[in-house]
Amino acid sequence: MQEESINTVVNPSIHSGMSANYSYMFNFEDKFQHLDTKTWMEKNWTIGFWYCGIYILVIFGGQHLMQNRPRFTLRKALIVWNTLLATFSIIGACRTAPELIHVLKNYGVYHSVCVPSFIEDDKVAGFWTWMFALSKVPELGDTVFIILRKQPLIFLHWYHHITVLLYTWYAYKEYTSSARWFVVMNYCVHSLMYSYFALRAMGKRPPKASAMMVTSLQILQMVIGSLVNIWSLQYINAGQPCKVSHLNIKLSLLMYLSYFALFLRFFINAYLKTGSEKEKKF
(Lines give C-alpha, C1' and ligand atoms only; values in the text may rest on other atoms or scores of the structure.)
Protein backbone atom coordinates (compact mmCIF):
# COMPACT_ATOMS: atom_id res chain seq x y z
CA MET A 1 0.00 0.00 0.00
CA GLN A 2 2.80 2.40 0.84
CA GLU A 3 4.59 1.75 -2.46
CA GLU A 4 1.33 2.21 -4.35
CA SER A 5 0.78 5.55 -2.61
CA ILE A 6 4.23 6.71 -3.57
CA ASN A 7 3.72 5.66 -7.18
CA THR A 8 0.41 7.47 -7.49
CA VAL A 9 1.26 10.56 -5.48
CA VAL A 10 4.92 11.32 -6.00
CA ASN A 11 6.29 8.85 -8.52
CA PRO A 12 8.77 10.85 -10.62
CA SER A 13 7.78 9.04 -13.82
CA ILE A 14 4.39 10.77 -13.65
CA HIS A 15 5.96 14.24 -13.64
CA SER A 16 8.04 15.87 -16.34
CA GLY A 17 11.42 17.43 -15.62
CA MET A 18 11.98 15.39 -12.48
CA SER A 19 15.54 14.42 -13.48
CA ALA A 20 18.51 16.69 -13.05
CA ASN A 21 19.83 18.27 -16.23
CA TYR A 22 23.26 16.97 -17.24
CA SER A 23 25.28 18.62 -19.97
CA TYR A 24 26.39 15.20 -21.21
CA MET A 25 25.35 11.60 -20.64
CA PHE A 26 27.84 8.81 -21.34
CA ASN A 27 26.69 5.72 -23.24
CA PHE A 28 27.28 3.43 -20.26
CA GLU A 29 25.09 5.74 -18.14
CA ASP A 30 22.34 5.84 -20.77
CA LYS A 31 22.29 2.03 -20.89
CA PHE A 32 21.72 1.74 -17.12
CA GLN A 33 18.65 -0.37 -16.30
CA HIS A 34 17.78 0.03 -12.65
CA LEU A 35 15.45 -2.98 -12.50
CA ASP A 36 18.24 -5.31 -13.63
CA THR A 37 20.52 -4.11 -10.83
CA LYS A 38 17.71 -4.31 -8.29
CA THR A 39 16.96 -7.90 -9.31
CA TRP A 40 20.64 -8.82 -9.06
CA MET A 41 21.00 -7.23 -5.64
CA GLU A 42 17.83 -8.86 -4.30
CA LYS A 43 19.29 -12.25 -5.24
CA ASN A 44 22.87 -11.60 -4.21
CA TRP A 45 23.03 -8.95 -1.47
CA THR A 46 23.84 -11.55 1.19
CA ILE A 47 27.11 -12.30 -0.64
CA GLY A 48 28.33 -9.21 1.21
CA PHE A 49 28.51 -11.31 4.38
CA TRP A 50 30.94 -13.68 2.65
CA TYR A 51 33.10 -10.76 1.56
CA CYS A 52 33.14 -9.46 5.12
CA GLY A 53 34.00 -12.90 6.48
CA ILE A 54 36.96 -13.18 4.09
CA TYR A 55 37.90 -9.61 5.01
CA ILE A 56 38.11 -10.48 8.72
CA LEU A 57 40.23 -13.55 7.95
CA VAL A 58 42.58 -11.38 5.87
CA ILE A 59 42.86 -8.87 8.72
CA PHE A 60 43.81 -11.25 11.49
CA GLY A 61 45.59 -13.75 9.27
CA GLY A 62 47.56 -10.99 7.59
CA GLN A 63 48.58 -9.41 10.86
CA HIS A 64 49.75 -12.80 12.10
CA LEU A 65 51.80 -13.44 8.95
CA MET A 66 53.36 -9.97 9.04
CA GLN A 67 54.17 -10.13 12.74
CA ASN A 68 57.78 -11.22 12.29
CA ARG A 69 58.31 -9.93 8.76
CA PRO A 70 59.65 -6.55 7.62
CA ARG A 71 57.05 -4.04 6.49
CA PHE A 72 56.45 -3.30 2.82
CA THR A 73 56.62 0.33 1.66
CA LEU A 74 54.35 -0.05 -1.39
CA ARG A 75 54.62 3.67 -2.14
CA LYS A 76 53.95 3.44 -5.88
CA ALA A 77 51.06 1.02 -5.43
CA LEU A 78 49.60 3.26 -2.73
CA ILE A 79 49.83 6.32 -4.99
CA VAL A 80 47.98 4.50 -7.78
CA TRP A 81 45.39 3.04 -5.38
CA ASN A 82 44.49 6.32 -3.67
CA THR A 83 44.56 8.28 -6.91
CA LEU A 84 42.13 5.83 -8.53
CA LEU A 85 39.76 5.95 -5.55
CA ALA A 86 39.99 9.75 -5.39
CA THR A 87 39.22 10.02 -9.11
CA PHE A 88 36.32 7.60 -8.82
CA SER A 89 34.89 9.51 -5.84
CA ILE A 90 35.22 12.89 -7.55
CA ILE A 91 33.43 11.62 -10.65
CA GLY A 92 30.74 9.99 -8.49
CA ALA A 93 30.21 13.22 -6.56
CA CYS A 94 29.95 15.23 -9.78
CA ARG A 95 27.38 12.79 -11.21
CA THR A 96 25.15 12.39 -8.13
CA ALA A 97 25.24 15.76 -6.35
CA PRO A 98 23.39 17.60 -9.18
CA GLU A 99 20.41 15.27 -8.73
CA LEU A 100 20.20 15.91 -4.99
CA ILE A 101 20.55 19.67 -5.49
CA HIS A 102 17.91 19.57 -8.25
CA VAL A 103 15.46 17.69 -6.05
CA LEU A 104 16.00 19.93 -3.01
CA LYS A 105 15.62 23.07 -5.12
CA ASN A 106 12.53 22.01 -7.05
CA TYR A 107 10.73 19.45 -4.86
CA GLY A 108 11.96 19.93 -1.31
CA VAL A 109 13.30 17.88 1.57
CA TYR A 110 10.40 15.42 1.64
CA HIS A 111 11.06 14.25 -1.91
CA SER A 112 14.81 14.00 -1.25
CA VAL A 113 14.18 11.72 1.72
CA CYS A 114 11.16 9.70 0.63
CA VAL A 115 11.12 9.29 -3.18
CA PRO A 116 13.77 7.07 -4.86
CA SER A 117 13.69 8.92 -8.19
CA PHE A 118 17.49 9.10 -8.18
CA ILE A 119 17.52 5.42 -9.17
CA GLU A 120 14.18 4.97 -10.89
CA ASP A 121 14.07 8.12 -13.02
CA ASP A 122 17.64 9.41 -13.32
CA LYS A 123 20.00 7.15 -15.26
CA VAL A 124 23.11 9.15 -14.38
CA ALA A 125 22.53 9.23 -10.62
CA GLY A 126 21.17 5.69 -10.79
CA PHE A 127 24.29 4.31 -12.47
CA TRP A 128 26.65 6.02 -10.03
CA THR A 129 24.55 4.86 -7.08
CA TRP A 130 24.99 1.32 -8.37
CA MET A 131 28.74 1.92 -8.74
CA PHE A 132 28.79 3.30 -5.21
CA ALA A 133 27.27 0.10 -3.84
CA LEU A 134 29.69 -2.12 -5.75
CA SER A 135 32.71 0.02 -4.79
CA LYS A 136 32.38 -0.96 -1.14
CA VAL A 137 33.98 -4.32 -1.98
CA PRO A 138 37.25 -3.06 -3.57
CA GLU A 139 37.49 -0.37 -0.87
CA LEU A 140 38.25 -3.20 1.55
CA GLY A 141 41.68 -3.14 -0.09
CA ASP A 142 42.55 -0.10 2.03
CA THR A 143 43.09 -2.48 4.91
CA VAL A 144 45.47 -4.71 2.96
CA PHE A 145 47.86 -1.77 2.60
CA ILE A 146 47.67 -1.09 6.33
CA ILE A 147 48.48 -4.70 7.16
CA LEU A 148 51.34 -5.05 4.67
CA ARG A 149 52.85 -1.73 5.76
CA LYS A 150 52.42 -2.78 9.43
CA GLN A 151 50.55 0.38 10.37
CA PRO A 152 48.14 0.56 13.34
CA LEU A 153 44.74 -0.87 12.43
CA ILE A 154 42.10 0.73 14.63
CA PHE A 155 38.64 -0.67 15.28
CA LEU A 156 36.98 2.30 13.57
CA HIS A 157 38.65 1.44 10.26
CA TRP A 158 37.53 -2.16 9.81
CA TYR A 159 34.19 -1.73 11.60
CA HIS A 160 33.38 1.12 9.23
CA HIS A 161 34.30 -0.91 6.13
CA ILE A 162 32.24 -3.94 7.16
CA THR A 163 29.08 -2.12 8.21
CA VAL A 164 29.08 0.25 5.22
CA LEU A 165 29.32 -2.66 2.77
CA LEU A 166 26.53 -4.65 4.42
CA TYR A 167 24.20 -1.69 4.87
CA THR A 168 24.79 -0.30 1.37
CA TRP A 169 23.96 -3.60 -0.32
CA TYR A 170 20.93 -4.10 1.92
CA ALA A 171 19.67 -0.56 1.27
CA TYR A 172 20.16 -0.80 -2.49
CA LYS A 173 17.97 -3.87 -2.82
CA GLU A 174 15.19 -1.90 -1.07
CA TYR A 175 15.69 1.23 -3.20
CA THR A 176 16.02 3.20 0.03
CA SER A 177 15.02 6.73 -0.93
CA SER A 178 17.08 8.50 1.74
CA ALA A 179 20.19 6.83 0.33
CA ARG A 180 20.63 9.68 -2.18
CA TRP A 181 21.87 11.76 0.76
CA PHE A 182 24.23 9.03 1.96
CA VAL A 183 25.68 8.43 -1.51
CA VAL A 184 26.38 12.09 -2.25
CA MET A 185 27.89 12.77 1.17
CA ASN A 186 30.14 9.71 1.00
CA TYR A 187 31.34 10.49 -2.52
CA CYS A 188 32.16 14.09 -1.52
CA VAL A 189 34.02 13.17 1.67
CA HIS A 190 35.92 10.35 -0.07
CA SER A 191 36.95 12.75 -2.84
CA LEU A 192 38.85 14.80 -0.26
CA MET A 193 39.99 11.88 1.88
CA TYR A 194 41.54 9.81 -0.90
CA SER A 195 43.05 12.93 -2.49
CA TYR A 196 44.70 13.64 0.85
CA PHE A 197 45.96 10.04 1.09
CA ALA A 198 47.29 10.22 -2.48
CA LEU A 199 49.26 13.37 -1.68
CA ARG A 200 50.70 11.75 1.44
CA ALA A 201 51.71 8.69 -0.57
CA MET A 202 53.46 10.97 -3.06
CA GLY A 203 55.60 12.33 -0.24
CA LYS A 204 53.72 15.61 0.06
CA ARG A 205 52.99 16.97 3.50
CA PRO A 206 49.59 18.69 3.52
CA PRO A 207 49.03 20.89 6.59
CA LYS A 208 47.55 19.27 9.69
CA ALA A 209 44.45 21.38 9.14
CA SER A 210 43.74 19.31 6.00
CA ALA A 211 43.51 16.08 7.99
CA MET A 212 41.41 17.81 10.64
CA MET A 213 39.06 19.09 7.94
CA VAL A 214 38.57 15.61 6.47
CA THR A 215 37.77 14.12 9.89
CA SER A 216 35.48 17.07 10.69
CA LEU A 217 33.57 16.49 7.45
CA GLN A 218 33.26 12.80 8.34
CA ILE A 219 31.74 13.76 11.70
CA LEU A 220 29.39 16.23 9.97
CA GLN A 221 28.42 13.45 7.55
CA MET A 222 27.32 11.31 10.50
CA VAL A 223 25.27 14.14 11.98
CA ILE A 224 23.46 14.78 8.69
CA GLY A 225 22.98 11.06 8.10
CA SER A 226 21.32 10.75 11.52
CA LEU A 227 19.09 13.74 10.78
CA VAL A 228 18.01 12.25 7.44
CA ASN A 229 16.91 9.08 9.23
CA ILE A 230 14.99 11.12 11.80
CA TRP A 231 13.27 13.05 8.99
CA SER A 232 12.30 9.75 7.33
CA LEU A 233 10.76 8.51 10.57
CA GLN A 234 8.87 11.78 11.08
CA TYR A 235 7.36 11.61 7.58
CA ILE A 236 6.31 8.00 8.11
CA ASN A 237 4.80 8.75 11.53
CA ALA A 238 2.91 11.66 9.95
CA GLY A 239 1.28 9.19 7.56
CA GLN A 240 3.14 10.34 4.45
CA PRO A 241 4.35 7.71 1.95
CA CYS A 242 8.08 7.20 2.28
CA LYS A 243 10.24 4.53 0.62
CA VAL A 244 12.24 3.71 3.74
CA SER A 245 11.45 0.75 6.00
CA HIS A 246 11.42 1.00 9.79
CA LEU A 247 14.13 -1.66 9.98
CA ASN A 248 16.27 0.32 7.54
CA ILE A 249 15.91 3.47 9.63
CA LYS A 250 16.88 1.60 12.81
CA LEU A 251 19.94 0.01 11.20
CA SER A 252 21.06 3.21 9.52
CA LEU A 253 20.56 5.36 12.60
CA LEU A 254 22.46 2.89 14.77
CA MET A 255 25.26 2.84 12.22
CA TYR A 256 25.51 6.64 11.92
CA LEU A 257 25.40 7.23 15.67
CA SER A 258 28.14 4.66 16.26
CA TYR A 259 30.24 6.28 13.51
CA PHE A 260 29.69 9.68 15.08
CA ALA A 261 30.97 8.48 18.46
CA LEU A 262 33.98 6.70 16.95
CA PHE A 263 35.00 9.52 14.60
CA LEU A 264 34.59 12.09 17.37
CA ARG A 265 36.77 9.95 19.62
CA PHE A 266 39.34 9.65 16.85
CA PHE A 267 39.32 13.44 16.30
CA ILE A 268 39.89 14.17 19.97
CA ASN A 269 42.60 11.54 20.28
CA ALA A 270 44.42 12.44 17.06
CA TYR A 271 44.25 16.23 17.08
CA LEU A 272 43.45 17.54 20.55
CA LYS A 273 45.47 15.35 22.91
CA THR A 274 49.19 15.58 23.50
CA GLY A 275 51.50 12.59 22.95
CA SER A 276 51.32 11.29 26.52
CA GLU A 277 47.55 11.65 26.63
CA LYS A 278 46.80 9.78 23.43
CA GLU A 279 45.24 6.34 23.61
CA LYS A 280 47.22 3.66 21.92
CA LYS A 281 44.26 1.63 20.74
CA PHE A 282 40.62 2.37 20.07
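The values are calculated or read from the model by the stated rules, or taken from the named source; none is laboratory data. Nothing here was measured: the structure is a model prediction, and the numbers come from that model. No Cβ is skipped: glycine too gets one built from the backbone with ideal geometry, and neighbour counts run over all protein chains shown. Just so you know, the surface numbers come from the protein's heavy atoms only, side chains and all, with ligands and any DNA or RNA stripped out. Shrake-Rupley method; radii C 1.70, N 1.55, O 1.52, S 1.80 Å.
Worth pointing out:
- Between 0 and 90°, nearest 10: helix 155-173 axis offset from the chain longest Cα axis: 20
- Nearest-ten-degree value, helix 75-106 long axis tilted from longest Cα axis of the chain: 30
- The stretch between residue 57 and residue 269, if pulled fully straight at 0.36 nm per residue, gains 73.5 nm over its current Cα-Cα span.
- Filter on 76/150; 123/250; 31/105; 204/273; 173/243 - keep pairs with C-alpha separation over 19 Å: 123/250; 31/105; 204/273
- With θ taken as phi - 60° and the Karplus curve 6.51 cos²θ - 1.76 cosθ + 1.60 applied, the whole-hertz 3J(HN,Hα) list for the stretch 182-189 is 5, 5, 5, 4, 5, 4, 5, 5 Hz, x standing for glycine and proline.
- The stretch between residue 149 and residue 261, if pulled fully straight at 0.36 nm per residue, gains 37.6 nm over its current Cα-Cα span.
- Extreme residue, positive dipole direction of the chain, given options 77, 177, 252 (C-beta unit charges): 77
- With R₀ fixed at 45 Å, the C-beta to C-beta distance from residue 65 to residue 237 puts the FRET efficiency at about 0.30.
- The charge dipole of the chain, taken about its Cα centre with unit charges on the Cβ atoms of Lys, Arg (+1), Asp and Glu (-1) only, comes to about 1640 debye.
- The chain: relative contact order in percent, alpha carbon pairs under 8 Å with at least 6 residues between: 27
- By the rule of a second cysteine Cβ within less than 4.7 angstrom, the chain holds isolated cysteines at 52, 94, 188.
- Sequence-distant residues sharing a close amide H with residue 72 (under 5 Å, placed H): 149, 150
- Counting only alpha carbon atoms, the long axis of helix 246-267 and the longest principal axis of the chain meet at about 30°.
- For the stretch 19-84 versus the stretch 225-265, the gap between their alpha-carbon centres in whole angstrom: 25
- Sites residue 75 and residue 105, calculated FRET efficiency, Cβ-Cβ separation with R0 41 Å, nearest 0.05: 0.40
- Accessible area per residue for the chain, computed on protein heavy atoms with a 1.4 Å probe, is 52 Å².
- Note on surface exposure: 41, 131 rank 131, 41 by accessible area, highest first, 1.4 Å probe.
- Considering only Cα atoms, the convex hull volume of the stretch 73-271 works out to 113 Å³ per residue.
- Sites residue 33 and residue 254 - FRET efficiency at Förster radius 30 Å, r taken between beta-carbons, to 0.05: 0.40
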